[in-house]
Amino acid sequence: MLSVVIETENDEEGLARTLASLVPGAVEGIVREVIVCDRGSDDQTHRVAEIAGCHYLHEGGIAAAISRARSEWLLMLEPGARMLDGWNESVVLHIGRSTGAGRFVPARAAGKGYFLSRVLPSRRPLRDGLVITRRQAQALAGRPGSDAVAIAKAAAPRRLTGEIMPAPRKR
């Protein structure tokens with residue numbers, strides 16, 4: 001039903017947290033596969049991906065990850081983001097009634113700026129995840145210099161009811 005695409009660069013700890021939060025979706029059959037698209041990590045990101053059973057791509061960029069996806073719908077996430085209870089129901093509802101992109105609601109526990117983060121767009125386009133069709137993602141990934149962030153910027157997503165704990169900001 002859903003292919004998860006995570007673009008990484010030296011994110012072994014964040015990737016592990018994100019993958020752990022996807023387990024309920026995998027158990028319920030919503031997550032079909034996880035593709036980790038690496039941008040030149042020199043830490044143990046590849047080991048985390050391989051141990052978790054992910055498809056690991058060390059070259060080809062986001063376009064290669066999208067092409068490899070077997071599902072018609074993609075869930076694009078930042079490493080470190082954690083999906084919270086109820087996210088999978090939200091995705092199933094969205095996929096059943098929409099053909100457009102969707103973005104999750106930041107969790108209350110995400111801290112200060114909670115209200116503003118729910119109303120205003122984030123400076124980190126993938127902060128709230130992105131559910132998008134593979135066809136839409138391929139069209140957006142075909143632009144020069146495209147990465148997961150560029151795809152998220154170009155998409156016009158609706159808000160989903162499911163919550164996400166955004167990845168901490170990188171320093």
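A short reminder: the numbers here are calculations on the coordinates, not readings from a lab. Every value quoted in this text rests on a predicted model; they were computed, and no experiment measured them. Neighbour counts run over all protein chains shown; Cβ positions are idealised from the backbone, glycine included.
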>> Would any residue of segment 124-142 have its amide N under 17 Å from a label point 7 Å out along Cα→Cβ of residue 99? List them or say none.
In response: 132-140
> Could you list, bin by bin from short to long, the percent of Cα-Cα pairs of the chain in 10 Å steps?
Replying inline: 11, 44, 38, 8, 0
>> Using Cβ contacts closer than 10 Å as the measure, can you line up 76, 165 from fewest to most?
In response: 165, 76
> What relative contact order, as a whole-number percentage, does segment 2-165 give when Cα pairs under 8 Å and 6 or more residues apart are counted?
Replying inline: 28 percent
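With a 10 Å radius around each residue's Cβ, average the other Cβ atoms per peptide and rank 22-31, 65-74, highest first. The partial results should precede the final answer.
Numbers: 22-31: 16.4, 65-74: 19.1.
Descending packing order for the listed peptides: 65-74, 22-31.
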> Under the rule of -39500 (n - 2.57) per DSSP H run of 4 or more residues, summed and divided by the residues of the chain, what mean residue ellipticity at 222 nm is obtained, to the nearest 500 deg cm²/dmol?
Replying inline: -10500 deg cm²/dmol
> What per residue convex hull volume, in Å³, comes out for segment 1-66 when only alpha-carbon positions are used?
Replying inline: 63 Å³
> Within segment 2-165, what percent of beta bridges assigned by DSSP are antiparallel, to the nearest 5?
Replying inline: 25 percent
